[in-house]
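Worksheet: the structure to be examined is printed underneath.
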Amino acid sequence: MNDGHVTIPEPRNEPVREYRPGTTERTSLERRLGSMATETAELPMVIGGKAVTSGETFERRAPHRLELELARAHGARAEDVERAIQAASTASGEWARTPWKDRAEIFLKAADLIAGPYRDTINAATILGQSKSVHQAEIEAACELADFLRFNAHYAERIYADQPLSVPGVRNRTDYRPLEGFVLAITPFNFTAIAANLPTAPAMMGNVALWKPSEKQVLAAHYTMEALVEAGLPDGVINLLHGDGALVSDVAMTHEDFAGLHFTGSLPVLEHLWKKTGENLGRYRSFPRIVGETGGKDFVIAHPSAGVESLVVALGRGAFEYQGQKCSAASRAYIPRSLWPAVEDGVRAMVDEITVGDVGGDLSTFMGAVIDDAAFRKHREAIARARREGLEVVAGGGTDESEGWFVEPTVLRTEDPQSDTMVRELFGPILTVFVYEDARWEETLDLVDSTSPYGLTGAVFARDRGAIREATDRLRQAAGNFYVNDKPTGAIVGQQPFGGARRSGTNDKAGSVMNMLRWVSPRAIKEVSVPAEDWRYPHMGA
Ligand code: NAD
């Protein structure tokens, strides 16, 4: 036994691989993509460390190659959720007593597995199952996930080290207890890293969790769980339940041990779950923590002093990477009239060159398909409505469902800054531009601020320092992540803690000390060396 003071190594962001043609890293990933594409994986749930099948399966196909049935997952029944709650409860005592450094070691090992032997598998599952390009998979499924695990261990150490003042004869300390009960993590389809972070962040702080990943992200979630188990995660600490979110939450959120919700997904679902918590408040042992991050209607505003080339790159990457299916994706842009002709030319030329297709079969592809038929139909209808309402289709606008759910990168131009695609979160590769008169810069800032109920990300492009200062000030509440001369996507753990305010969520900043603090219930302990033996105070003397 070594009782020495051990510190978690200072975290570093996982270096991003480039997968250039002809490299061994590319060949190795292609091999894994090939093997994954030849099988239909059977995905059980994991409850109390055991693989559980329900027989009630649902399929997952590659969105860009619909003939490819990648997986059949076993969906949870009510009794599976109850078993998972029981398994979590059984694991909770031992896990809460496990020295935190031992807990951290498990997640640090998981990070090394994901960055190492699991890297190809996690990336391949994300490319095929969620239709990401190789770069989009690499930056998040491998790198951001490893970053979450490593940085969160570091933040946990900072939390535990934060102790109160002690005075002569009195020693004070804070006991950072896990919550009493379980945390329910309900996770979105679009980021493998976020999906993994939602159950692991609370677990690192000594909590037990139920994890219900999106039905559209089951393949990568399955391999993530496999890596956590291989890293030594004890049975029952995280219980993986597939299938219907409403069914799982109906059972979990009416249980007295429901202690916290860690959610990322759409606004209506968070509203629904928050109301459900309110309705059941009397049943719970404690007031559940709710950490919920939802959507965005993210903006780019350019000042007349902006550099056109960098603006065009930000619009293309910000709006079309991962088919615009990022909560942070640029979907409305405000461009001054003086710059529009050059921006329009640049955007058209870029969209002409963007490749859309089989991201798993050809790693040079920039964009894959949108996630499912419902998303495809929503985008097709939004573009059709925009045409009917007289918006100009500057670039793209086409769709193709013959082999997958393909939507072209689309740029619309509107005369009405309140038109449908300027205000509604579409979550697809559709960017709408409003061209404003140069003299109306200040009014346009107010327009940006007031157009959407969300407040997630936004960007200003300008060379004029005064304009940057003005936009930063006027748009203070409009975005939880604000970018100057960069696209509004691509936040990096440890560098730009991520989350938005207003209707975008509780803004607890995933991958930060702020988020980790939500998963503890501190106990203040005061210990006295020489306790008082006289009840009287000095002022009572004669
Ligand atoms: P979604 O809301 O459709 O699904 C999210 C999860 O909720 C899934 O696991 C789903 O099964 C579950 N769910 C759905 N209905 C439910 C119900 N009635 N009860 C309980 N659970 C239910 O979202 P999605 O399509 O997976 O993800 C896209 C959304 O997520 C977008 O709105 C996007 O902006 C948002 N998002 C936000 C962030 C952020 O950090 N702010 C990050 C990623 C995605």
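For region 300-325, enumerate the residues that are touching a Ser or Thr at 6+ places or on another chain (Cβ under 8 Å) and either aliphatic (A, V, I, L, M) or crowded, with 24+ Cβ neighbours inside 10 Å (or both). Answer for region 300-325, where residues must be touching a Ser or Thr at 6+ places or on another chain (Cβ under 8 Å) and either aliphatic (A, V, I, L, M) or crowded, with 24+ Cβ neighbours inside 10 Å (or both): Ile301, Gly318, Ala319, Glu321, Tyr322, Gln323, Gly324. Assess whether Gly236 counts as being in a loop (DSSP other than H, G, I, E, B), touching a strand residue (DSSP E or B) at 6+ places or on another chain (Cβ under 6 Å) and either buried (at least 24 other Cβ atoms within 10 Å of the Cβ) or in contact (Cβ under 8 Å) with a residue 60 or more places away in the chain (or both). When the stated conditions are applied, Gly236 does not pass them.
In the set (1) in contact with a strand residue (DSSP E or B) (Cβ under 8 Å, 6 or more places away or on another chain); (2) touching a residue at least 40 places away in the same chain (Cβ under 8 Å); (3) not in a helix (DSSP H, G or I), Pro15 fails one condition alone, (1). Candidates are the residues of region 476-500 that are free of Cβ contacts under 8 Å to residues at least 40 places away in the same chain and part of a loop (DSSP other than H, G, I, E, B); the one that is farthest from the ligand (Cβ to nearest atom) is Arg476. The combined condition, being among the small types (Gly, Ala, Ser), farther than 22 Å from Pro63 by Cα and in contact (Cβ under 8 Å) with a residue 40 or more places away in the chain, is fulfilled by Ser305. Could you pull out every one of the strands (runs of 3 or more DSSP E) wholly within region 163-222 that has 2 or more residues that are touching a residue at least 40 places away in the same chain (Cβ under 8 Å), more than 10 Å from the ligand (Cβ to nearest atom) and surrounded by fewer than 24 Cβ atoms within 10 Å (Cβ to Cβ)? Answer list for region 163-222: 170-178. The set of residues from region 427-457 being surrounded by 21 or more Cβ atoms within 10 Å (Cβ to Cβ), at negative phi and either within 16 Å of the ligand (Cβ to nearest atom) or in a loop (DSSP other than H, G, I, E, B) (or both) comprises Gly428, Pro429, Ile430, Leu431, Ser452, Tyr454, Gly455, Leu456, Thr457.
May I ask you to verify whether Asp420 is farther than 24 Å from Ala369 by Cα and either assigned by TED's automatic domain parsing to the domain that holds Val359 or among the polar types (S, T, N, Q) (or both)? No: the conditions fail for Asp420.
The values are calculated or read from the model by the stated rules, or taken from the named source; none is laboratory data. Remember, it's a predicted structure, so these values are computed and weren't measured experimentally. Every residue, glycine among them, receives a Cβ derived from its backbone with ideal geometry; neighbour counts consider all protein chains shown.
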